Amino acid sequence: MAAKDRILVLGATGSMGRHVVWASVKAGNPTYVLVRNTPGAKSNVRLVKAANPETKEELLQSFINSGVNIIEGDMNDHETLVNAIKQVHTVICTLGKQLIGDQVKIIEAIKEAGNVKRFFPSEFGLDVDRHEAVEPFREICEEKAKIRRMIEAEGIPYTYICCFAFTGYYLRNLWQLDTVVPPRNKVVIVGNGNVKGAFVTEADVGTFTIEAANDPRALNKAVHIRLPANYLTSDEIIPLWEKKIGKTLEKIYVPEEQVLKEIQKSSFPNNYLLALYHSQLIKGDAVYEIDPAKDIEASEFYPHVKYTTVDEYFNQFV
Ligand SMILES: NC(=O)c1ccc[n+]([C@@H]2O[C@H](COP(=O)([O-])OP(=O)(O)OC[C@H]3O[C@@H](n4cnc5c(N)ncnc54)[C@H](OP(=O)(O)O)[C@@H]3O)[C@@H](O)[C@H]2O)c1
C-alpha cells in the first residue's frame, strides 16, 4: 500500500484542530503540528470551555502518545513555518476566527516551500461564497472568502471544508445563551423553527476533513458536510431531546427582527453566537444546491463514514 501523505495541522490545540489531528492519526497519515510554547489562549466562550476541559499540556501529551510530530514554534515566524511546511504534503489550518487574515503568511510560506499538494484554509463553517450572515459574523465570512480568492489567484491546490454547525456550538445547549447543557424546561427558538440547518460533531468534521485530504477527487473543491440524519430544523431537533428526557419543553419563538435587535444590543460572545444562529436557523445558509463543478457532498463521496447523529449526540446529556 502506498504511504499516506504527511499532514501538518496549524491550530492543532484549538477546539477544531485537535479533532483533525486525531482523525489524521487514526487514518494513518504521518501527522505534524506546529504549536507555540505558551500556556494556550483561553476561550471566552463558555461552550468551548465545557467541551474542552483538558489543559494544553495534557492535550500535547496525548498527541505525543499518539505519535504526532510536534514542531515548536509560532506561525508568525516565517522561517519556522516554511521549514514545517517543507516536511509535509498537506497543510490543514484550523486557526481561530481572530487569525483568518493572518493566513496570508501561510500562503506566502506555502509558495516559498513549493511542495504542498493541498491546503485547507481555516473555514469549517458555512460556505463563505453563499450566505446571508450579519455582523459580527459576516466580517469573518468575508475574510475567509478573501483568503479563498488569494489561494486561487496563487494557484495553490486547495480544499474548502463547509461543515456548518458544530454540535458543540449549537446543540450542546440547544442554542440557549444561558446554559452549557440542553434545557429541560423552556427553549428559546430563533426564527420560526422550520429552517433546515446542518449539524455535525467536531470529531466527524475531523474525519471528513482527512477523508478529503486523502481523496484526489476533493482537489480544488469545496466539501459540504450536510449529513442526512443531521440536516434538520429546530422543530425536528427539539422533539429528539424531549423524547430522551420524557418531557415537553415550553417553546418561545423569536422573530428575525427581534433576533437582529438582540444582536445589536449584546456584546461578544452572545452577539457572535446569535449571528451564527441567525445565519443557520433563520436565513437557511446551509440550504442550497451544490454545483458538481466545484462542490462535493461529503455524505455521497464518503458514505462509509459512520457519523454521530443528532439523536445519538444528545445521549451524553440525559
Ligand atoms: N462551524 C462552527 O460551528 C464553528 C464553531 C467554531 C469555530 N469554527 C471555525 O473553526 C475554525 C477553527 O476555530 P477554533 O474556534 O477551533 O479555533 P481556536 O480554538 O481559537 O484555536 C486557535 C488555534 O490557533 C493557535 N494559534 C493561535 N496563534 C498562533 C500562532 N501565532 N502560532 C501558532 N498557533 C497559533 C492556537 O494555539 P494556542 O493553543 O497556542 O493558543 C490554537 O491552537 C475557524 O475557522 C472558526 O471560524 C466553526
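The values are calculated or read from the model by the stated rules, or taken from the named source; none is laboratory data. What you are looking at is a predicted structure, and each value in this text was computed from that prediction instead of being measured. Cβ sites come from the backbone with ideal geometry, for glycine too, and all protein chains shown count toward neighbours.
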Being within 17 Å of Val128 (Cβ to Cβ) and crowded, with 20+ Cβ neighbours inside 10 Å is the filter here; which residues of region 261-297 pass it? Ala275, Leu276, His278, Ser279, Gln280, Asp285, Ala286, Ile296
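Out of all the residues in region 129-149, which are closer than 17 Å to Ile92 by Cβ and of a type in the set (A, V, I, L, M, F, W, C)?
Ile147
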Restricting to region 138-153, what's the tally of residues that are within 14 Å of the ligand (Cβ to nearest atom), among the aliphatic types (A, V, I, L, M) and touching a residue at least 40 places away in the same chain (Cβ under 8 Å)? 2
Within region 63-122, considering only strands (runs of 3 or more DSSP E) that don't extend past its boundaries, which have at least 3 residues that are at pLDDT 95 or above and within 22 Å of the chain's Cα centre (by Cα)? 90-93, 118-120
Inside region 298-308, can you point out the residues that are part of a loop (DSSP other than H, G, I, E, B) and buried (at least 17 other Cβ atoms within 10 Å of the Cβ)? Tyr302, Tyr307, Thr308
Search region 108-137 for residues being over 26 Å from Leu274 (Cα atoms) and within 15 Å of the ligand (Cβ to nearest atom), and hand back the single one that is surrounded by the fewest Cβ atoms within 10 Å (Cβ to Cβ). Glu108
